[in-house]
Structure formats: structure tokens, C-alpha cells
Amino acid sequence: MKKLISLVLAALLIASVFAGCGAKSGSDLKYVQDKGKLVVGITDYAPMDFKDENGNWTGFDAEFATLFARELGVDVEFFVLSDWGKKFYELEARNIDCIWNGMTITEEVTLNTNCSDPYVINAQVVVMKSDVVGNYDSVDSLKELTFAVESGSAGEAALKDIGITDYVAVQDQGAAVLEVAAGTSDACVIDITMANAMTGPGTSYADLSAGISLTEEEYGVGFRKDSDLTARFNEVMKKLMADGTLDALAEKYNLTLVK
């Protein structure tokens, strides 16, 4: 009897393993269409993803994601990544279907996702108080400063590449800017897209300015490894490029498309 029970339990265990494998195989596109929604991993990052006065997500990436979901015949749902450093885990765990948040295409991204073709040009820039930013016009001049940077970001990688290790790693780029505004860090490194939207006259941080660029980059969307959503995204992007939809969206948010 005990032997029979053991065999039954073993068979159930094997069945559950195969069922689990089956749930993670097959078409990602079908998986998204069957559940009726595309879950997009984001952070609060103007001008790519941010909330409007009514509390709804908007921005270049949010609008682009909505258009893509419409092409798939599904709704879009935005999932806020509370820890950007865990974005790949959230993707593989199927808590999200893609990472779409002004994400720089890096070696780490291409190793951990099936990354789309690039769509927007970006750069990592140094942001500091406007009255001193002109004093720092070379990489060597930056080495006396303390920095804040988003943990696991392209900005953090850029600092490491130039040999700067005196920095505090924070939750997101907005927190890095806040460190500089509060005077707890001399400078931060963020995407130029965010710097253009958040610093300078008429912005939330009028007394901050962008200084020198450390890198030139491109944004991409990260899907699961071997996902067929990537090819579908690239097709839709070409269509929206050709009909002028993305040009109008880029002009709205003061961005430069990859052509």
C-alpha cells in the first residue's frame, strides 16, 4: 500500500513539473492575448512614464505601450517596478510581460531579455546645481564630487566606467535628482530625456541643470527570452514609424527617434 501511495505521489509530482514547464512554454503572444492584457513594467520616469493630473499613466512609453496593446487586441496594465534592480526577475516570474521604461540597451539587458530594436536615442548626463555646473566640463573634474544614481541603471554603469565609486545608489532616477536638490549629493547621473523634462527654467527643479554627457545610448523594450512578442513589437514599431505616429509622439515629448 505504501509503495502504491509513493508511486502515485511521484506521478503527481512529475505531472506538476511538466504542467509548470508547459505554462512557461509556447507563444508569449498567445499567452498575452488569452489573458486579455499586456502587463508593462515601469517606474515613475518623465517623460517616458508618469501620472497626469487625473492620476493616469501617460508619457511617451505609456502611450506607445497603449498603441502596441491595441494592435494585439488587448488592454494595457502598468506595473510599477519598486526595485529596478529586480526587473529581470519580475519578467521571468511573469509578473510583467515586458520592461518598457526608457530602458537603455546594454549587454546586461540583451543577456536577460529578448530585446526589441532600438526606438529612442538617449545619453547619460551629469546633473547638478545650475550655479556650478559650468565648472565641471571634463570627466577628471567630476572625480571630486559625490554622486547619487539609480541602482542597477545605465547611469551607475557610466559612473563605474569612469572610475567613480563615491556614490549612493537610490531607488530610481527621481530619487537621485532629489538627492542633488536637497544638497545631500553634489551631482547625479540620469537619462538626458529625464534631465530635459525635470531640470532647468520652468520645471520642477529650476535650479538644477544638465552638464556633460558620459555616454550615448538607445532605448529598447525587454521581453522574455525567446518571446515572439519581440518580433511583433518590431513589426508594429515599423508601422507606427512609417505612418508618422511615433514622430508626432516624439515631438510631443521632445525626444529623438532612432531612424
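All but one of (1) of a type outside the set (Lys, Arg); (2) in a strand (DSSP E or B); (3) in contact (Cβ under 8 Å) with a residue 40 or more places away in the chain hold for residue 109; which doesn't?
With respect to (1) of a type outside the set (Lys, Arg); (2) in a strand (DSSP E or B); (3) in contact (Cβ under 8 Å) with a residue 40 or more places away in the chain, residue 109 is out only on (2).
Looking only at segment 47-92, count how many residues are under 26 Å from residue 226 (Cα atoms), under 17 Å from the mean Cα position of the chain (by Cα) and assigned to a loop (DSSP other than H, G, I, E, B).
4
List the number of the failed condition for residue 140; all other conditions in (1) part of a strand (DSSP E or B); (2) open to solvent by 60 Å² or more (accessible area, probe 1.4 Å) hold.
(1)
Can you tell me which residue is most open to solvent (accessible area, probe 1.4 Å) among those in segment 215-227 that are closer than 23 Å to residue 250 by Cβ and not β-branched (Val, Ile, Thr)?
As a first pass, look at segment 215-227 and keep what is closer than 23 Å to residue 250 by Cβ: 215-223.
Subsequent filtering for residues that are not β-branched (Val, Ile, Thr) retains 216-220, 222-223.
On the way: 216: 174, 217: 25, 218: 77, 219: 0, 220: 0, 222: 0, 223: 0 Å².
My answer is 216.
From the list 230, 193, which one is open to solvent by less than 40 Å² (accessible area, probe 1.4 Å), at pLDDT below 95 and in contact with a Phe, Trp or Tyr (Cβ under 9 Å, 6 or more places away or on another chain)?
Numbers: 230 fails: at pLDDT below 95.
Of 230, 193, the one residue that is open to solvent by less than 40 Å² (accessible area, probe 1.4 Å), at pLDDT below 95 and in contact with a Phe, Trp or Tyr (Cβ under 9 Å, 6 or more places away or on another chain) is 193.
From the list 73, 85, exactly one residue is open to solvent by 40 Å² or more (accessible area, probe 1.4 Å) and closer than 24 Å to residue 249 by Cα. Which is it?
73
Does residue 209 fit the bill of being open to solvent by 40 Å² or more (accessible area, probe 1.4 Å) and either hydroxyl-bearing (Ser, Thr, Tyr) or part of a strand (DSSP E or B) (or both)? Write out each step before concluding.
On the way: open to solvent by 40 Å² or more (accessible area, probe 1.4 Å): no; either hydroxyl-bearing (Ser, Thr, Tyr) or part of a strand (DSSP E or B) (or both): yes.
Criteria not met by residue 209.
Could you tell me how many of the residues in segment 149-176 are within 23 Å of residue 112 (Cβ to Cβ), free of Cβ contacts under 8 Å to residues at least 24 places away in the same chain and open to solvent by less than 30 Å² (accessible area, probe 1.4 Å)?
Final tally of qualifying residues: 1.
The values are calculated or read from the model by the stated rules, or taken from the named source; none is laboratory data. Keep in mind that this is a model prediction, so the values were computed, not measured. Heads up, the Cβs are rebuilt from the backbone with ideal geometry, glycines too, and the neighbour counts pull from every protein chain shown. For the accessible areas, the whole protein counts, side chains as well, though only heavy atoms, and no ligand, DNA or RNA atoms are used. Shrake-Rupley method; radii C 1.70, N 1.55, O 1.52, S 1.80 Å.
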